[in-house]
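Only the coordinates and a few stated rules stand behind these numbers; no lab work does. The structure presented is a predicted model; accordingly, all values stated were derived computationally and were not measured. Cβ placement follows ideal geometry from the backbone for every residue including glycine, while neighbour counts extend to all protein chains displayed.
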Amino acid sequence: MPDYKLMEAEGLTHVYPSGPKIPAVDGVSFFINEGETFGLVGESGSGKTTAGRMIVKLLDISAGVVKFDGADITGIRGREELLRFRRQVQMIFQDPYASLDPRKKVRDIIAEGIDIHRLAPTAAERETLVQELLDSVGLHPSAASRYPHEFSGGQRQRIGIARALALKPRFLVCDEPISALDLSIQAQIVNLLQKLQEEKKLTYLFIAHDLSMVRYISNRIGVMCRGRLVEMGPAEEVYRHPLHPYTQSLISAIPLPDPIIERNRKRIPYRMEEERGVWGLKELNPGHFVRMPL
């Protein structure tokens with residue numbers, strides 16, 4: 001059965017209205033097949049979070065097109081259209097505390113989307129849905145009556161995941177969902193996301209700056225630098241055979257657990273080269289693209 005492109009971004013561009021008119025995202029194009037995880041990686045300020053927020057319609061698209069399930073969603077403005085779109089596309093945010101309303105109990109945080117979309121006709125059905133969602137992310141039923149500050153960072157992120165799943169979406173944008181967590185908790189959250197993906201047939205855009213973690217969870221990887229996509233391909237191929245100097249630099253900076261090897265390794269510096277003429281992604285190996293002069 002051929003792959004089905006659930007999400008496509010074509011020439012995605014965003015210029016923030018304040019400050020210098022330099023694109024935070026500059027002509028980025030990629031697609032995500034249904035059921036896969038596409039990892040978007042890059043250092044802070046590379047534009048990966050901005051790209052994710054445009055895809056879920058939290059930021060305006062200055063130029064370019066976003067298609068979801070074959071339909072152009074770029075121009076969606078009306079409330080009803082947005083609500084239909086939100087049923088299928090949700091986001092897991094980076095900060096598991098700032099993204100949760102501290103004045104609300106977990107029950108009401110998770111059920112906010114359920115209430116807006118009127119998915120539970122009665123209070124009993126609403127509570128049943130909340131308990132099912134808590135169970136799916138590994139939290140005790142008693143969590144429903146508590147407040148976010150009563151939980152650890154990993155537990156709060158589980159609450160955020162449960163909230164994102166409340167509308168039974170097909171596509172999730174995971175915006176650095178583990179960067180604020182301890183290493184041991186990071187592994188738990190990543191394993192939970194993989195388990196949920198398999199059970200609920202989800203598709204992920206997984207945004208992170210840790211290339212080794214992105215390699216672990218992703219089918220394919222896109223590498224961003226200064227608002228542009230500089231390399232894209234199968235996760236293992238990009239990690240083992242990076243073609244772009246920036247990707248090579250990122251991989252050389254990943255710490256290794258062997259102190260002797262780590263002490264003797266050479267970091268690969270990267271200096272942004274000036275692009276003259278027409279540049280874009282060119283396929284050098286099957287499915288493996290790198291930004292270069294066309």
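Show me 87-94, 130-137, 254-261, 183-190 ranked by packing, highest mean number of other Cβ atoms within 10 Å first. Write down the numbers at each step before the final one.
Details: 87-94: 20.4, 130-137: 18.4, 254-261: 9.1, 183-190: 15.4.
The densest-packed peptide leads the list: 87-94, 130-137, 183-190, 254-261.
Would you calculate the volume per residue, in Å³, of the smallest convex hull containing every Cα atom of segment 86-134?
Details: hull volume 4.3 nm³, N = 49.
For segment 86-134, the hull spanned by Cα atoms encloses 88 Å³ per residue.
Take each of the peptides 115-126, 40-51, average the number of other beta-carbon atoms within 10 Å over its residues, and list them starting from the highest.
Working: 115-126: 11.8, 40-51: 22.3.
Ranking the peptides 115-126, 40-51 by packing returns 40-51, 115-126.
May I have the pair-distance distribution P(r) for segment 1-113, computed from all Cα-Cα distances with 5 Å bins from 0 and rounded to whole percent?
2, 10, 18, 20, 19, 16, 10, 4, 1, 0
Please report the spacing between the Cα centers of segment 61-107 and segment 23-49 in Å, no decimals.
Segment 61-107 and segment 23-49 have Cα centres spaced 16 Å from each other.
From the C-alpha coordinates alone, can you work out the Kirkwood hydrodynamic radius of segment 106-223, in Å?
Details: mean 1/r = 0.0667 Å⁻¹.
Computed over segment 106-223, the radius equals 15.0 Å.
Before rounding to the nearest 500, sum -39500 (n - 2.57) across all DSSP H runs of length at least 4 in the chain and divide by the residue total; then give [θ] at 222 nm in deg cm²/dmol. Kindly include the intermediate steps, with their values, before the conclusion.
Details: 11 runs with 100 residues, N = 294.
Mean residue ellipticity, 222 nm, calculated: -9500 deg cm²/dmol.
Normalise the Debye intensity by I(0) for segment 53-174, one equal point scatterer per Cα, no solvent, then take log10 at q = 0.09, 0.22 Å⁻¹ and round to two decimals.
-0.27, -1.25
Beyond 25 Å, how much of the Cα-Cα pair distribution for the chain remains, as a whole percent? Walk me through the numbers before you get to the answer.
Working: 21764 of 43071 pairs.
Percent of Cα pairs beyond 25 Å in the chain: 51.
What is the Cα convex hull volume of segment 149-294 when expressed per residue in Å³? Before the final figure, lay out the partial values.
Details: hull volume 22.1 nm³, N = 146.
Once divided by residue count, the hull of segment 149-294 is 151 Å³.
Per 0.36 nm of contour for each residue apart, how much would the distance between HIS209 and SER44 grow if the chain were fully extended, relative to their Cα-Cα spacing? Display every interim value, and only then the final one.
Details: separation 165, 0.36 × 165 = 59.40 nm, distance 0.73 nm.
Length gained between HIS209 and SER44: 58.7 nm.
Quick one: work out the % antiparallel among DSSP beta bridges in the chain, nearest 5.
Numbers: 27 of 45 bridges.
In the chain, approximately 60 percent of DSSP beta bridges are antiparallel ones.
Rank by packing, highest mean first: peptides 226-235, 14-23, 240-249, with packing defined as the count of other Cβ atoms within 10 Å averaged across residues. Intermediate values should be presented prior to the final figure.
Details: 226-235: 22.7, 14-23: 11.5, 240-249: 18.8.
Those peptides, ordered most packed to least, come out 226-235, 240-249, 14-23.
Could you work out the Kirkwood radius for segment 169-217, taking every pair of different alpha carbons, averaging 1/r and inverting it, reported in Å?
11.1 Å
One quarter of the convex hull surface, Cα atoms only: what value does that give for segment 24-88 in nm²? Kindly include the intermediate steps, with their values, before the conclusion.
Numbers: hull surface 19.3 nm².
With the hull built on Cα positions only, its mean projection is 4.8 nm².
Suppose R0 equals 22 Å. What FRET efficiency, 1/(1 + (r/R0)^6) with r the Cβ-Cβ distance, do ALA63 and VAL278 give to the nearest 0.05?
On the way: r = 17 Å, r/R0 = 0.77.
Once rounded, the FRET efficiency stands at 0.80.
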